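Everything on this sheet refers to the single structure shown next.
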Amino acid sequence: MESKICNGLKVQVEFADPPVSMIGTIVRIDSQTLVVSLTHDKDGGVSTTSRNSARDVQVSATADDALYRFRSTLLHSSGLLLHLSPPGEVRRVQRREDVRQPCLFDVELILPKGERTPVKRERATAVNISCGGLLIVFSGRLEAEDAVELSMTLSRGESPIHAAARVVRSESFRHLGQNQSRIALRMMALQRADERKLRQFITKCQVKTRIGTV
């Protein structure tokens, strides 16, 4: 797993005392040191002196296939560069397809209907998403194991993503006097280009969340 931790990977460095979280990018890694260039200085009042003393940190990194964590020691810092000890044991915390991210955007559902009306198109709202599926809020009803097709645009100016999906879970609730459904969908058979768009969107959301811009 150590091979997953490489140059160019975005990481989150967490200090325990005082509790501080910093976001950066690995710019050098070898057998002696791991250097992180901070993209947003969130010292929160931590002095350069305290940052320069040896301290244990936890590093989190989202690679292509999963979320990874490892312990390290701050050797010293220089400006926005953190010099850390190289990773020891790297743990895979979650598979990438299971790393869920809050979101809010419209989804078009294409529902199989019947012989005279082959399909029906409905609108829903996605409220969280992962590389393997999403949770939507929908004014209609779907049951577990129902098959649907999805169309969604993740970023302005991009072509929409299309995917087949299956209902994993469905629960009803009322909002403002109207019946609604929360529906968990498992996406299947994504095209490679669409899968890449989805990974990039989730990574961008994770970085924004960690630096407090969402």
Residues satisfying the stated conditions in the range 148-182, i.e. out of contact with any Lys or Arg (no Cβ under 9 Å at 6 or more places or on another chain), closer than 13 Å to Asp106 by Cα and modelled with pLDDT under 90:
Arg156
Filter the range 84-101 down to residues that are β-branched (Val, Ile, Thr) and either in a strand (DSSP E or B) or at pLDDT 85 or above (or both) and give me whichever is surrounded by the most Cβ atoms within 10 Å (Cβ to Cβ).
Val90
Being of a type in the set (S, T, N, Q) and at pLDDT below 90 is the filter here, so list the residues in the range 108-127 that pass it.
Thr117
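May I ask you to list the residues in the range 32-83 that are of a type in the set (Asp, Glu) and at pLDDT 55 or above? Step through it out loud before you land on a result.
So the first thing to find is which residues in the range 32-83 are of a type in the set (Asp, Glu), and the list is 41, 43, 56, 64-65.
Passing the criteria: Asp56, Asp64, Asp65.
The values are calculated or read from the model by the stated rules, or taken from the named source; none is laboratory data. A quick note: this is a predicted structure, and the numbers were derived from the prediction, not measured. Backbone-built Cβ (ideal geometry, glycine too); neighbour counts: all protein chains shown.
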